[in-house]
Ligand SMILES: *Cc1c(COP(=O)(O)O)cnc(C)c1O
C-alpha cells in the first residue's frame, strides 16, 4: 500500500464487531470476562481500550514501528518515555528541545535523579563530546522550534549505536507523513498529536512508537503502570484527524512555501527561518531526510518594537501558542513559549523580540499573504 492509502486503511479501518466505518467510542472502563480461565482481549481501559487501540495501531503503521501508545498529551507521552531510564542515568539532549521537555528534564526528572546535558545537536562533535560512561539515551528534535535548526538523523543514530544509547526523537513538527525516523534506526518516536496529527486545534494528545518488540513491551509496561493514557473520546478525535493528514500537510506546506518566499522579499523582515529555503543552513540535510519542509515559518521583524502592532493587526491567524491546526496560528516566542527564559539567554539563542512563528493553516494563501502584508506594512 502506498502511504496515502495506509493513512486511511492501515491499522484498523473499520470496527471488527459491527463493521462500522468509524471505530466507535468505546466509553467503558471495564469489560466482561466471560471465561475467567481465558485471558480476555480487553479487561480494563488503562491496559487496553478498543478506540485507543485503533489509534495506536494507526500511528505504529504510519511511523513504520511495531507498537504505538497513546497518552493524554504530548508531555504525557514524553514523560512516560523518559521512564525508560533510571535514576543515575544520563541523557544527551538537543539544546532546542521543546520547552515542556526541557522543563520536565531540568525539574521533575532531575529531581528523580536523571541527568541531562544539552548540546547543539546540529554539530555531531558536540553530541559525542557530551557522552559520559552513564549516558543511556539521546533525545533530539528536528526541525527544532522556533528557529528550525536541523539535526542529522543518520549521524545521531550512528552515535547512539556506537554507545548503546536509546535514541528518541520528537517528530511533532514533521508528522510521519514527512519524516520517518525509524528508517534511520531510531528506537522511539514521540509526538504531540495535539498539532499536525490531530490537526484541528480541538484535542490534546500524545503518541509514542517503538521500532522493535522489546521496546514496545517496555513502553507498554510503563503506559499501563504510569497510566497517563488517552481517553476514548480524544482517541476518536485524533483518529479522525489523522485520516486527512496527507491532504492537510500538502496544502499547508505549499502555502508555507509561498509565504516564506513572500516574507523573504519583504523589506521589513530581517530573517526567515524555514527549512524549504535554499539558504537555510540545514536545507540539504533536511531535504535528504524528510519529504518536505513542513508548514511552520518563523520570521524576524527588522524593528522588534512593531511586533505588538503586527499581532494586533492580523485578522486571519489566531494569535496563540500551538501549531498544526487547520487555522493559521501566529505565536510570539519571546512572550509565549520562551517567556520564562531570561532575555539575555533568549537573545543568545536568536529568539529576539522581533521573532514570530506562523503555523500555516488551510485558508487561501492569497488571503493570508494579504492579511500579513496589511499588518506588517501598517506596522
Ligand atoms: C506541543 C509540543 C509538545 C507537547 O505536547 P502537548 O500535547 O502540548 O503536551 C511536545 N513537543 C513539541 C515539538 C510540541 O510542539
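GNM remark for the chain: springs join alpha carbons under 10 Å apart, and the peak mean-square fluctuation among 198, 11, 325 falls on 11. Going from the residue with the fewest nearby Cβ atoms within 10 Å to the one with the most, 195, 312 rank 312, 195.
Checking the a/c ratio against 1.5 first, then a/b against b/c, what shape does the Cα gyration tensor give for segment 166-244? Judged from the Cα gyration tensor, segment 166-244 comes out oblate (a/c at least 1.5, b/c at or above a/b). If you fit an axis through the alpha-carbon atoms of helix 213-226 and take the longest principal axis of the Cα set of the chain, what angle between them do you get, 0 to 90°, nearest 10? Roughly 90 degrees, rounded to the nearest 10. The length gained on full extension between residue 2 and residue 154, counted as 0.36 nm times the residue separation minus their Cα-Cα distance, comes to 52.3 nm. Residue order for 96, 163, fewest other beta carbons within 10 angstrom first, comes to 163, 96. The angle between the Cα long axis of helix 232-242 and the longest principal axis of the Cα atoms of the chain comes to about 50 degrees, rounded to the nearest 10. Against the chain, whose longest principal axis comes from its Cα atoms, helix 245-264 is set at around 20 degrees.
Only beta bridges with both residues in the chain are counted; by DSSP, about 55 percent of them are antiparallel. Which shape class applies to segment 3-242: rounded if a/c is under 1.5, otherwise prolate when a/b exceeds b/c and oblate if not, where a ≥ b ≥ c are the square roots of the Cα gyration tensor eigenvalues? Prolate. Arranged from fewest to most other beta-carbon atoms within 10 Å of their beta carbon, 48, 234, 291 become 291, 48, 234. Highest GNM mean-square fluctuation among 28, 348, 246, for the chain modelled with Cα contacts below 10 Å: 348. Our summary gives segment 3-242 a relative contact order of 26 percent, counting only alpha carbon pairs under 8 angstrom and 6 or more residues apart.
With the helix formula -39500 (n - 2.57) applied to DSSP H stretches of n ≥ 4, the chain reaches a computed 222 nm mean residue ellipticity of -10500 deg cm²/dmol.
Pairs of Cα atoms nearer than 8 Å and 6+ residues apart set the relative contact order; for segment 70-183 it is 25 percent.
FYI, it's all coordinate maths here, none of it is from the lab. From a predicted model like this one, the values you see are computed outputs, not experimental measurements. Cβ: placed from backbone, ideal geometry, glycine included. Neighbour counts: every protein chain shown.
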